[in-house]
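Student: Okay, here's the structure, questions in a sec.
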Amino acid sequence: MNELKFPHLFEPIRIGRTLFKNRIFAAPNGCQYLDYGNVPSDRGVAFYERKALGGFAAVTLGECIVDSKTGQAHAYQILLDNPAALPPLSSMATAISRHGAVASVQLQHCGMYSHLVYERGDQLLGPVDMAIPDVHTTNNDGHEVAASADGMRYVRGMTEEEIEDLIRKFGKAAAFVKQCGFGMVMIHAGHGWGLAQFISEATNTRTDKWGGHDLENRMRLPLAVIDSVRRAVGPGFPIEVRISGAECTDTGYDIDEGVAIAKMLDGRADIIHVSAGHHESPYATIITHPGMFQEDGCNVKYAAEIKKHVSAPVATVGAITDPAYMEELIASGQADIIHLGRQSLADPDLPRKARAGRDDDVDRCMRCCACFSTSTRTRRRACAINPEIGQELEEFSDRKPAVRKKVLVAGGGIAGMEAALTAARRGHEVILCEAGSELGGVLKCEALVPFKKRLDEYLKRQARRVAEAGVEIRLNTPVTPELAESLEPDAIVAALGATPVKPPIPGIDGANVFGAEYIYTHPEETENRVVILGGGLVGIELGLFLKGLGRDIQLIEMLPELNDGGNLVHMNSLRMQIAEKQIKVALSTRAKEIRADGVVADDGEEKFFPADTVIYAVGQRSHSDEAVALGRFAPEFYMVGDCIQARNIMSATREAYNAARDIGRI
């Protein structure tokens, strides 16, 4: 390679006394892997080290609390006022920096959203006395939290002494992480957290020098925090400040005030990191963490506007996955630095691949929010398309199989391709048999869906990788017991998937009735009025797809709630789309009969839903019996993906990856 494909993206940038090797930074993720005392475990260190190994110029450790007594939101945040954090944080800094990345720490105080403080029975502190909804009904251990009698939590405005104490604690925390070996800090002043609560006039109505209508007063605390941090770390040590370019709420500030805020930071902050949104707003949090319905780089506009008005380097973040687009942003002067959050999970090797000109091999984040959903439920990190996430420690300590095996993979869908690819990369001889005419499985049917384009790209990329890995691919070849016996494999991985359930409803075989999978590939066969039976992810997403084609959509779900499939964050995005697109939803409603002109249903009383087209999306039947039948034809046998139980992409990839790594252990 004679020339860099993305020269602007890989041009080093000097911030203070530190030279960053490229313009791609790993945005802060929380560190759920903690030992006693809220310090990083070895698994947490490995999670962040993996990003550095992938070529990021800086890697930021997220959600590090400067004052655990008043500023902690949940039980899985690193506490910088715990002296026992020194050894593990030093290990973290060393692990990141030894790969050429600058190790950074996000300094945070959660202000009035310090939910763990409330759950301990202590007073919530914020800019002013106020009441906020008591929306958190379980604590961080999953136990019920007694709701307040009036459904509100009461916040006390901080005294001037408490404000001055908080300023000192930011400085003390910065000095501590520098002692640990970190080379940069990021002060979190966005997303509605503690410092942002002082910046926003919506939450800071103080009448003293720390707030009110005057932006200079509302900026007094964050500017004092920067000065405190600067005194603690000394000159030349990079200080990054994260803000929301706009809060994107009815009462929050807009980009004009975002520009004014940035101009006041200019000259004090070494990097102005421009995000957007407010985490406590259901709408604005989807802007902060864009879902699959937002366009790529949907928040870049805030950074680009701010960059016109400041001299400090500006960083942008949110829904950025394509190195060519990143190059364009830097080259056009819209930003100086690109922060990647979820994309650093989907493919932590993006910087290395882009530098080598292998951007077509980058796994693009699908913005499915499986990572958020998993961390919310289990406080563990995961990614739908990258099974290595959450298992970095095992990867670092992995050893090659003791024996090279002949592996038969039955099924070429998500799980089958991952199993074949992982097994081949580990040195096994792999035969992949797929009953259909191409790899990709049932999800190939969603190729026409605009908001699922990243999924289609991923399936094609995986199919190409399988071929390039030297796997013997046999299409139009279902794996029967006879075929399995004749191949004499050492190991069989059954990834036979599942098929849609056809509900036993009178009229289900009518000419106007179709399965969801068929309609995904033949949307033109639907007429204007469409009733979809099933309010799970398949039915909802199909409804949104057809709505985009101009159809009138009615969802019917027999349960009292739509089924989020375990992905709470994605469902939040879907609910907004349902409301915005005016899709009708009938819950606790069971279809009784399908007629040529619609659906007869019952929600306690009989109702009729007129329809030209009826689609069923009521679940999947696993091919578990067919998979089990293959088990006796190899010493090692594994079942992965939907043939165990119909679930989601993340379950399929992780099970296949783990099974393939177990092959040949003895």
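The values are calculated or read from the model by the stated rules, or taken from the named source; none is laboratory data. Predicted model only: the values in this text are computed from it and were never measured. Positions of Cβ are generated from backbone atoms using ideal geometry, with glycine treated the same way; all protein chains shown enter the neighbour counts.
Student: From 418, 429, 392, which residue is surrounded by fewer than 24 Cβ atoms within 10 Å (Cβ to Cβ) and in contact with a Phe, Trp or Tyr (Cβ under 6 Å, 6 or more places away or on another chain)?
Tutor: 392
Student: Could you please give the count of residues in the stretch 299-331 that are under 21 Å from residue 256 (Cα atoms) and either outside any helix (DSSP H, G or I) or outside the structural domain of residue 190 (by TED's automatic domain parsing) (or both)?
Tutor: Total meeting the criteria: 12.
Student: Sticking with this one: Residue 576 is checked against (1) surrounded by 21 or more Cβ atoms within 10 Å (Cβ to Cβ); (2) in a helix (DSSP H, G or I) and fails just one. What number does that condition carry?
Tutor: So the condition that residue 576 fails would be (1).
Student: Given the conditions (1) closer than 21 Å to residue 242 by Cα; (2) at pLDDT 95 or above, and given that residue 6 satisfies all but one, which numbered condition is not satisfied?
Tutor: Looking at each condition in turn, residue 6 falls short on (1).
Student: So, in the stretch 631-665, how many residues would count as being assigned to a loop (DSSP other than H, G, I, E, B) and within 21 Å of residue 441 (Cα to Cα)?
Tutor: 6
Student: Within the stretch 617-630, is there a residue that is part of a loop (DSSP other than H, G, I, E, B), surrounded by fewer than 21 Cβ atoms within 10 Å (Cβ to Cβ) and touching a residue at least 24 places away in the same chain (Cβ under 8 Å)?
Tutor: yes
Student: With 463, 467, 420, 435 as the choices, which residue is more than 24 Å from the chain's Cα centre (by Cα), more than 15 Å from residue 662 (Cβ to Cβ) and part of a helix (DSSP H, G or I)?
Tutor: Checking each option against the conditions leaves just 467.
Student: Looking only at residues that are closer than 30 Å to residue 308 by Cα and of a type in the set (S, T, N, Q) in the stretch 319-375, which one is surrounded by the fewest Cβ atoms within 10 Å (Cβ to Cβ)?
Tutor: 332
Student: So which of 580, 606 is without any contact (Cβ under 8 Å) to a residue 24 or more places away in the chain, more than 30 Å from residue 435 (Cβ to Cβ) and under 35 Å from the mean Cα position of the chain (by Cα)?
Tutor: 580
Student: Now for a separate question. Considering only the stretch 84-110, state which residues are touching a Gly at 6+ places or on another chain (Cβ under 6 Å), closer than 28 Å to residue 16 by Cβ and of a type in the set (Gly, Ala, Ser).
Tutor: Passing the criteria: 90, 93, 103.
Student: While we're on this one: Hey, could you check the stretch 649-666 for residues that are farther than 16 Å from residue 411 by Cα and surrounded by fewer than 22 Cβ atoms within 10 Å (Cβ to Cβ) and say which is nearest to the chain's Cα centre (by Cα)?
Tutor: Result: 658.
Student: Which of the residues that make up the stretch 140-183 are aliphatic (A, V, I, L, M) and modelled with pLDDT of 95 or more?
Tutor: 155, 158, 163, 166, 167, 173, 174, 175, 177, listed by residue number.
Student: Oh, and also: Regarding residue 632, is this residue more than 23 Å from residue 485 (Cβ to Cβ) and not β-branched (Val, Ile, Thr)?
Tutor: no
Student: State the number of residues belonging to the stretch 46-71 that are assigned to a loop (DSSP other than H, G, I, E, B), out of contact with any strand residue (DSSP E or B) (no Cβ under 6 Å at 6 or more places or on another chain) and crowded, with 24+ Cβ neighbours inside 10 Å.
Tutor: Residues that pass the stated criteria total 1.
Student: Has the stretch 472-484 got any residue that is out of contact with any His (no Cβ under 9 Å at 6 or more places or on another chain), over 25 Å from residue 655 (Cβ atoms) and among the hydroxyl-bearing types (Ser, Thr, Tyr)?
Tutor: no
Student: OK, next. Can you find a residue in the stretch 89-105 that is more than 30 Å from residue 356 (Cβ to Cβ), assigned to a loop (DSSP other than H, G, I, E, B) and at pLDDT 95 or above?
Tutor: Among the residues of the stretch 89-105, not one is more than 30 Å from residue 356 (Cβ to Cβ), assigned to a loop (DSSP other than H, G, I, E, B) and at pLDDT 95 or above, which makes the answer no.
Student: A further question follows. Which of the residues belonging to the stretch 195-233 are charged (D, E, K, R), part of a loop (DSSP other than H, G, I, E, B) and in contact with a helix residue (DSSP H, G or I) (Cβ under 6 Å, 6 or more places away or on another chain)?
Tutor: Answer for the stretch 195-233, where residues must be charged (D, E, K, R), part of a loop (DSSP other than H, G, I, E, B) and in contact with a helix residue (DSSP H, G or I) (Cβ under 6 Å, 6 or more places away or on another chain): just 209.
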